[in-house]
Amino acid sequence: MLEELKKRVLDQNLALVKHGLVVLTWGNVSARDTDTGYIVIKPSGVSYDTMRAEDMVVVDPDGNVIEGKYRPSSDLPTHLYLYRAYPSLGGVVHTHSTYATAFAQSGRGIPAYGTTHADAFYGSVPCSRELTDEEIEQAYEWNTGRVIVESVVDAEAIPAMLVKNHGVFTWGKTPEKAVEVAVTLEEVAKMALLTEQLNRNTPPIKQRLLDKHYFRKHGKNAYYGQT
């Protein structure tokens, strides 16, 4: 079932390793099949070194396992919450990538300081609020999805969220795009930290330049790349 999508999900999980966004088993990628609504996700705690396409787990929108010999990622409820909140999503990524997670652990969003950031995100990438004790004790992963969604103003303009004291979630219309966003987020987080070390009073990029770079790639009159 969904063999092609399983292969794509495997490839994108391995891409997290290739790009240095995960160590050990600290991350996961999922994808949603547009025809069935089923979600394919990495199995929980399985090594990237030995993981195969047939190890991916297929679940329905409620998280019931449809196919798979392993338990799905423990972060599955967060993925499910995001898919439910944003019907256009085709892929979700979770990582603990070093620089972006450092911002998350500090409880700070990633400011938009330059055009590299503006090419991908229309403004600062926010950090969620802290989960309450009750949210941690009851349905923790589901509530992680809730605090992400309540902090997102525009899921297309800012396709990422830092979860306070936790890590990173990104998303896109495909799992490949969601991984691309995760790679970009880590790079702009690194640039932001270095920028602040060089000049702690650096102001955000001015709005006119932010608009220019974001909309030349994402606006209705975008002209970056090939048609």
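The values are calculated or read from the model by the stated rules, or taken from the named source; none is laboratory data. Since the structure is predicted, the reported quantities are computational estimates derived from the model, not experimental observations. Here Cβ is always computed from backbone atoms with ideal geometry, including for glycine, and neighbour counts include all displayed protein chains. Surface accessibility is based on the protein's heavy atoms, side chains included, excluding ligands, DNA and RNA. Shrake-Rupley method; radii C 1.70, N 1.55, O 1.52, S 1.80 Å.
Taking the condition free of Cβ contacts under 8 Å to residues at least 40 places away in the same chain and more than 26 Å from V149 (Cβ to Cβ), does K7 pass?
No, not satisfied.
Does region 103-114 include one or more residues that are out of contact with any Leu (no Cβ under 6 Å at 6 or more places or on another chain), within 30 Å of T34 (Cα to Cα), aromatic (F, W, Y) and crowded, with 17+ Cβ neighbours inside 10 Å?
no
Is it true that some residue in region 46-66 is closer than 18 Å to W142 by Cα and under 18 Å from the mean Cα position of the chain (by Cα)?
No, the conditions are met nowhere in region 46-66.
Among the residues of region 162-171, are any of a type outside the set (G, A, S) and in a helix (DSSP H, G or I)?
Checking region 162-171: not a single residue is of a type outside the set (G, A, S) and in a helix (DSSP H, G or I).
Which residue out of P175, P159 is open to solvent by less than 20 Å² (accessible area, probe 1.4 Å) and touching a residue at least 40 places away in the same chain (Cβ under 8 Å)?
Only one candidate qualifies: P175.
In the set A157, A189, A112, which member is farther than 23 Å from K220 by Cβ and either at pLDDT 95 or above or part of a strand (DSSP E or B) (or both)?
A189
Just to check your reading of the model, which residue among H94, H117 is under 12 Å from V188 (Cα atoms) and touching a strand residue (DSSP E or B) at 6+ places or on another chain (Cβ under 8 Å)?
H117
Within region 127-141, identify whether any single residue is in contact with a Leu (Cβ under 8 Å, 6 or more places away or on another chain), within 30 Å of N199 (Cα to Cα), touching a residue at least 24 places away in the same chain (Cβ under 8 Å) and surrounded by 16 or more Cβ atoms within 10 Å (Cβ to Cβ), and answer yes or no.
Yes - at least one qualifying residue is present in region 127-141.
Is there any pair with a first residue in region 36-62 that is hydroxyl-bearing (S, T, Y) and a second that is assigned to a strand (DSSP E or B) and open to solvent by 20 Å² or more (accessible area, probe 1.4 Å) whose Cβ atoms are under 7 Å apart and which are 6 or more apart or on different chains, and what are they?
Y38/I66; S44/P72
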